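As structure tokens, the structure follows; a few thoughts come after it.
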Amino acid sequence: MSNTDFSSQNGAGGPPYANGPSQNPVALQPPGPGYMAHQTPYNPMQAKGPMPPGPGLYNSGPYQPIPPVSSNQALPGQPMLKRPPMGPQHSMTPPQSASPNPGSRIPPAHATPPPVSANNYQHAPAWQYGGTPPMGAPPSMGAPPPMAMPPLRPVGNHMTSSPSLATPQASSAEYRATPPVFHNAMQPLGPPTSLQGYTQQGSAPLLMNPMAAPHSYQPVMRAPYGGPPPSVRPTPPTTGPPMGNASPPLGPKTDAGPLPPQQPGPPTRHMGLSYPSLPPGYQNTSAPPNAATMQHPVQPSTQPYSHPPPYQQLSAGPAQLSPSLSGLSLQSQTPEALRVVNLLQERNLLPLGPVTPPTPCLPQDLQKINCHPEVFRSTLTSIPQTQSLLNKAKLPLGLLLHPFKDLSQLPVVTSSTIVRCRSCRTYINPFVTFLDQRRWKCNLCYRVNDVPEEFMYNPVSRSYGEPHKRPEVQNATLEFIAPSEYMLRPPQPAVYLIVLDVSHNAVETGYLDVVCQSLLENINALPGDSRTKIGFITFDSTIHFYNLQEGLSQPQMLIVSDIEDIFLPTPDSLLVNLNECKELVQDLLRSLPQMFGKTMETQCALGPALQAAFKLLSATGGRVSVFQTQLPSLGVGALKSREDPNQRASAKDIQHLSPATDFYKKLALDCSGQQVAVDLFLLSSQYCDLASLGCISRYSAGSVYYYPSYHQQHNPAGVECFQKDLKRYLTRKIGFEAVMRIRCSKGLSIHTFHGNFFVRSTDLLSLPNVNPDAGFAVQMSIEENLVDMQSVSFQAALLYTSSKGERRIRVHTMCLPVVNSLSDIFAGADVQAITCLLASMAVDRSVTASLSDARDAMTNASIDSLTSFRTSVLTIQQPGLLAPACLRLFPLYILALLKQKAFRTGTSTRLDDRVFAMCQLKYQPLAYVMLMIHPALYRVDDLTDEGALNVSERTIPQPRVQQLSVEKLSRDGAFLMDAGSVIYLWIGRNCNPNFLTQVLGLPNYAAVPLNMNMLPELDTAESQRTRAFVGWLREQRPFFPILHVIRDESPLKASFLQNMIEDRTESALSYYEFLLHIQQQVSK
Amino acid sequence: MVLLTMIARVADGLPLAASMQEDEQSGRDLQHYQSQAKQLCRKLNAQSPNRCTLEAGVMSFHYVLEHGVCYLALCEAVFPKRLVFGYLEDLQTEFHEQHGKKVSTVSRPYSFIEFDTYIQKTKKTYIDSRARRNLGSINTELQDVQRIMVANIEEVLQRGEALSALDTKASNLSSLSKKYRSDAKYLNTRSTYAKIAAGAVFFITLIVYVRFWWI
């Protein structure tokens, strides 16, 4: 904390800044050489021209049916230890209780033999039923008992040809990307292989991950299938042999169940048909658990390992049955993450609800208290034992944090001594072990410490001698009130300084009104106490200070025109106590917008204004909010336009992603040393060089807000967004003079940090301000082998001064298991966390190297990990692009990243937009980054209350997430796309008139205005539902997403369509083409 | 010029309020003084003199103890003592009035940090040279500053250390003497055993001699 060690570091040039991307040139290739080794760069040709998805590709090898080989070898490594040996009854329960569907979904299969489009998958489970009793594969083939269905083969063929083939051709014209050949080639052949893949791997993890089961099943429960009567479930389990008999009666009962899901299907299928096997993807959702359930009863053995074989053999029969089988368990999110998914065949990869992070395989009691994944998340929920193992997996290892998140409940501990490990200073946490009453063993460095006398008393239960019941040991996230040892100086007051650009350009945009109005409205809501201070600086070619001293009749403006050597015109009363001078402050805010109404000054001296702000705040520290509307043109830090508009769309490398001057970075580091953070609001229509200006916030732990083309009259949506964001900004929680330290167990080391901060020493992040909307990411490596460790822990401790002058420490601790097999590592991969970490790494890479490098690195990351999965985990080689279920979204996310504003090429992107997207990728917490990368698409013209959430007496409908493809849009519907910072409502040309009148209050499609940003408050059920849904989406994030209602003629349609990442654009591959590209690389 | 003001509870040295130094530009490193002030607050107890000035190089600490609360200010040594004590008295009156009753109950450091606002205002009136003249005349007979004890900060801080050093030395001595005692006992027993053994050998030799050669 001392300022001295700062200056030594700050003085130096570029490299010494620990923050700088330059500091860690290896940043992007963390876990080993593998990352970059796979350099085969994207073939531009490939990227440009349509991928040749010719039949040759399909017929040649990959899709030849492969004889079923047992792949149980892959399984033994699984951590099954914790699971009790499975008796028949026991084994049945987990899937049973978790999902009501399986039971009901299977029976219909029996009942509906005819080739309804829905049936092709439903047979599958049925077959398994039938097959179950006899155990062995051949018998099962021969004895499909009460089925109305004839031999196996025919069925399989029949299905592929009739429903899927027919539809594709009907509308293939519309979808250019994928030639029909594909379907033909794939359908008949595909099923066996993919089924194969599914069964062998699938069944085992299913058994072994009982903990995950309830979790992952939830989505299924909410699924649109009408909830089957619970009474159905008990029936299927009725032990092996009778199974066949049991099912037929069930059939009729639940027959209606499976069909509804089809309903959304048909229209979409008609529109685009890239994947004929599409529907099976989700329709089969619940089958596998059921199949598994069926399985167990027949299993006499208690040895869990013995389960897979019969299952597999059994399925070898039905393998020929139907292609849809392959998708069997996909959507149900079967508890296993390792089930093999053939990405080329399965289209419906998106889960029904939000993507849930994997649950670490920890003992139940530990997992219960583990840190919440929204706060602390690891890319791998199972930590590899050695670095070489990690290198083999080719997955990045890192953590994503959202340490200062607004939490609804947070235990706060006041105690004079905070118990910490004596050698590594870890805070005592739920994952330490108590050797006896008086000693505890640190879970990070394994040192044995004494339990202090005070800790023996538990203030919660008012009992003595139970140190393990203390709140510190019961909560993975908690806050301490720090004793005075944690303060180098008295806690600082909340200090806010507003720096406003008042040049002609700024006044023209009219933003001053909004800022002053927001401040006036929220002046009492600013976090702080009676000590809160506030100050104002405005600048154009000169710097204006405002003397707000108590007793003055009106604010006094002091102009400093010497911008070369900036000084403070008066030592005090520029920063004044807000409570005492509120009148004057309000006075100033009311008069400010008019004061510069007629200014002709076009120049803008941002650099000197920032220096003045730093001087003003350096004694106390605090927050500077800078509002800037153009490129700074005077004094230090003046910048020149570097963007060539003609190059915006070029596929060549993007220049000028790095700062043009280090002035802003240096100033930011000085600020950081004096506990000053600078938040930048950029409201501009032209290029502002955010790459340079952004440094001021980046290194001082501020935040950046960017409102392109802001104008009071011309862009009302932008104004509303700015207003809402400002309100949140002014009133949100804030922590001052903060530091954060992330500790991890011995053997692991953190080598790169992502986010806005300055790294003061190896693991100490200096955060002059911390706000609840800031996220961080770190990359880790394994320095020492973690042999004979069951688990490792990570602890993030954030020490900050609250706006009330309290010094507090927020501690988050997370515990993860250590594993020693590759398959376990893959099973624990968290695809969202991996994607976000890769995005952060790619941002660094594109700044230090080049954008194309970063793009290649991302593509290679997916190729490498899938290759590694294929070669190391899969024991038999199968055709297709195989991915474990937990990583099935990985290629999709990578493609989404490649098409994200930050990394896309070939599409016209303004440099500032790009740089801002990069800032956000590094700085936003995971949940928001994911929406930016992969927006969520919902169909909203048919919202129902079915499966709706009830939040504080409001009913919020929960439509399912659709794939981001134009084929999903139907002209007679209305679709809502939630892209994080913006929400689009797309109205189809033939949209249900009911929706138009009831929700939008418009008579017909033509009446939809081109710039509609509001949903009218109509008193209809549809309107209420839609508004409740949009409102609910908005509530979930701190910033305010604008709603754009768009139709075909809207100018914003282009940006809406750009988010359709699964589709092909002029310059980018479609999802399927991308998969083919990956497959080529993988199978090389 | 008052550089640092601190109000702390005497019983355990818990800081209650403090004023941020507004003087960072002058480049003085106050960190050192800050920690000295903290140590000092912990050293003080009910027996300490009620008013005292402690010299610390070019600076001096001035403190006032009242109602179990210590009011401490750091000034340049040349700053008039009379003013400092006037200032501290002023703070004391106000603080006691506002928070006096709650002092014994709080446990969080800097619980009354909001008192900082008042401290700063008061400080301004005392530092302002014009106001100072007026105050000076009012306070002339208020304080008999001459009688205030003057000591050196280092001595005060080290007094405790010297005592503890003495204590450790004494305990060392006693443990050493204990060790000596047990060692001596052990040696005694050993020499006794040696004597007995020697006698036994002599007698055995004698018996053997008598048994084989005499007869």
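The values are calculated or read from the model by the stated rules, or taken from the named source; none is laboratory data. Note that the coordinates shown come from a computational prediction; the quantities given were computed from them, not determined experimentally. Neighbour counts are summed over all protein chains in view; Cβ atoms, including those assigned to glycine, are modelled from backbone coordinates with ideal geometry. Keep in mind that these areas ignore ligands, DNA and RNA; they rest on the heavy atoms of the full protein, side chains included. Shrake-Rupley method; radii C 1.70, N 1.55, O 1.52, S 1.80 Å.
Look at (1) surrounded by fewer than 24 Cβ atoms within 10 Å (Cβ to Cβ); (2) touching a Gly at 6+ places or on another chain (Cβ under 7 Å); (3) over 18 Å from A:R845 (Cβ atoms) and you find that A:C919 fails only one, number (3).
Among the aliphatic types (A, V, I, L, M) and buried (at least 24 other Cβ atoms within 10 Å of the Cβ): does that describe A:L657? It is false that A:L657 is among the aliphatic types (A, V, I, L, M) and buried (at least 24 other Cβ atoms within 10 Å of the Cβ). Taking the criterion of being open to solvent by 10 Å² or more (accessible area, probe 1.4 Å) and more than 23 Å from the chain's Cα centre (by Cα), would at least one residue in region A:933-942 satisfy it? Yes - at least one qualifying residue is present in region A:933-942. The strands (runs of 3 or more DSSP E) located wholly in region A:367-432 that include 2 or more residues which are more than 14 Å from every other protein chain (Cβ to nearest Cβ) and of a type in the set (A, V, I, L, M) occupy A:398-401.
Conditions (1) outside any loop (DSSP other than H, G, I, E, B); (2) touching a residue at least 24 places away in the same chain (Cβ under 8 Å); (3) more than 23 Å from the chain's Cα centre (by Cα), marked per residue:
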position: A:R1025; (1), (2), (3): yes, yes, yes
position: A:F1029; (1), (2), (3): yes, yes, no
position: A:W1032; (1), (2), (3): yes, yes, no
position: A:F1039; (1), (2), (3): no, yes, no
position: A:L1043; (1), (2), (3): yes, yes, no
position: A:S1050; (1), (2), (3): no, yes, yes
position: A:F1056; (1), (2), (3): yes, yes, no
position: A:E1062; (1), (2), (3): no, yes, no
position: A:E1066; (1), (2), (3): no, yes, yes
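Among the conditions (1) in a helix (DSSP H, G or I); (2) touching a helix residue (DSSP H, G or I) at 6+ places or on another chain (Cβ under 8 Å); (3) not aromatic (F, W, Y), the only one that A:V507 does not satisfy is (2). The single condition among (1) outside any loop (DSSP other than H, G, I, E, B); (2) more than 14 Å from every other protein chain (Cβ to nearest Cβ) that A:T599 does not meet is (1). With the condition being closer than 28 Å to A:V375 by Cβ and at pLDDT 90 or above, I'd like the strands (runs of 3 or more DSSP E) fully within region A:912-989 carrying at least 1 qualifying residues. By residue number, A:936-939, A:974-978, A:982-987.
Can you say whether A:I537 is part of a loop (DSSP other than H, G, I, E, B) and within 20 Å of A:Q628 (Cβ to Cβ), as far as the supplied structure shows? No: the conditions fail for A:I537.
Of the residues in region A:682-694, at least one is farther than 25 Å from A:L851 by Cα and outside any loop (DSSP other than H, G, I, E, B). For region A:728-749, what are the residues that are under 30 Å from A:V818 (Cα atoms), assigned to a strand (DSSP E or B) and in contact with a Ser or Thr (Cβ under 8 Å, 6 or more places away or on another chain)? Scanning region A:728-749 gives A:V739, A:R743, A:C744, A:L748, A:S749. A:A717 passes every criterion in (1) in a helix (DSSP H, G or I); (2) open to solvent by less than 40 Å² (accessible area, probe 1.4 Å); (3) modelled with pLDDT of 90 or more apart from (3). Within this structure, A:D945 fails the test of being closer than 19 Å to A:I1042 by Cα and among the acidic types (D, E). Of all the listed residues (A:T1026, A:T1065), the sole one being farther than 30 Å from A:P772 by Cβ and hydroxyl-bearing (S, T, Y) is A:T1065. Out of contact with any strand residue (DSSP E or B) (no Cβ under 9 Å at 6 or more places or on another chain) and over 18 Å from A:E508 (Cβ atoms), is that true of A:G637? Yes: the conditions hold for A:G637. When the residues of region A:511-540 are filtered to those that are more than 35 Å from the chain's Cα centre (by Cα) and surrounded by fewer than 17 Cβ atoms within 10 Å (Cβ to Cβ), the one that is nearest to A:A609 (Cα to Cα) is A:D513. Annotation for region A:497-510: no member residue is crowded, with 21+ Cβ neighbours inside 10 Å, within 14 Å of another protein chain (Cβ to nearest Cβ) and within 30 Å of B:R108 (Cα to Cα). Taking the conditions exactly as written (open to solvent by 10 Å² or more (accessible area, probe 1.4 Å) and in contact with a strand residue (DSSP E or B) (Cβ under 6 Å, 6 or more places away or on another chain)), does A:R810 satisfy them or not? Spelling it out, it is not the case that A:R810 is open to solvent by 10 Å² or more (accessible area, probe 1.4 Å) and in contact with a strand residue (DSSP E or B) (Cβ under 6 Å, 6 or more places away or on another chain).
Set side by side, the residues A:H504, A:H544 differ, and just one is under 18 Å from A:V624 (Cβ atoms) and at pLDDT 90 or above, which is A:H544. I need every pair where a residue in region A:807-831 that is within 14 Å of chain B (Cβ to nearest Cβ) has its Cβ under 6 Å from the Cβ of a residue that is buried (at least 24 other Cβ atoms within 10 Å of the Cβ) and among the β-branched types (V, I, T), sequence separation at least 6 or different chains. As it stands, the answer is A:R807/A:T801, since those pairs meet every condition given. Between B:L88, B:L72, the distinction of being under 15 Å from the mean Cα position of the chain (by Cα), closer than 28 Å to A:L575 by Cα, more than 12 Å from chain A (Cβ to nearest Cβ) and modelled with pLDDT of 85 or more belongs to B:L72 only. Selection within region A:450-492: residues that are within 12 Å of chain B (Cβ to nearest Cβ) and assigned to a strand (DSSP E or B). The member of this set that is surrounded by the fewest Cβ atoms within 10 Å (Cβ to Cβ) is A:I481. Of all residues in region B:107-130, count the ones that are assigned to a helix (DSSP H, G or I), over 30 Å from A:T417 (Cβ atoms) and either open to solvent by less than 80 Å² (accessible area, probe 1.4 Å) or within 14 Å of another protein chain (Cβ to nearest Cβ) (or both). Within region B:107-130, residues that are assigned to a helix (DSSP H, G or I), over 30 Å from A:T417 (Cβ atoms) and either open to solvent by less than 80 Å² (accessible area, probe 1.4 Å) or within 14 Å of another protein chain (Cβ to nearest Cβ) (or both) number 11. If the condition is being surrounded by fewer than 22 Cβ atoms within 10 Å (Cβ to Cβ) and outside any loop (DSSP other than H, G, I, E, B), then region A:664-678 contributes A:K666, A:D670.
Name the residue, out of A:T599, A:T538, that is within 18 Å of A:L682 (Cα to Cα) and among the β-branched types (V, I, T).
Just a single option satisfies the conditions, and that option is A:T538.
Would you say A:Q723 is surrounded by fewer than 24 Cβ atoms within 10 Å (Cβ to Cβ), at pLDDT below 95 and within 14 Å of another protein chain (Cβ to nearest Cβ)? Spelling it out, it is not the case that A:Q723 is surrounded by fewer than 24 Cβ atoms within 10 Å (Cβ to Cβ), at pLDDT below 95 and within 14 Å of another protein chain (Cβ to nearest Cβ). Residue pairs whose Cβ atoms lie under 8 Å apart, separated by 6 or more positions or on different chains, with the first residue in region A:615-636 and within 14 Å of another protein chain (Cβ to nearest Cβ) and at negative phi and the second of a type in the set (S, T, Y) and crowded, with 24+ Cβ neighbours inside 10 Å, do not occur. Checked against the criterion of being surrounded by fewer than 19 Cβ atoms within 10 Å (Cβ to Cβ), within 14 Å of chain A (Cβ to nearest Cβ) and under 22 Å from the mean Cα position of the chain (by Cα), the candidates B:S48, B:S35, B:S104 yield just one match: B:S35. In this entry, A:P884 is excluded by the filter for residues that are at pLDDT 90 or above and open to solvent by less than 10 Å² (accessible area, probe 1.4 Å).
Of the candidates A:T1065, A:T1026, the single residue that is of a type in the set (V, I, T) and either under 21 Å from A:L897 (Cα atoms) or touching a Cys at 6+ places or on another chain (Cβ under 7 Å) (or both) is A:T1065.
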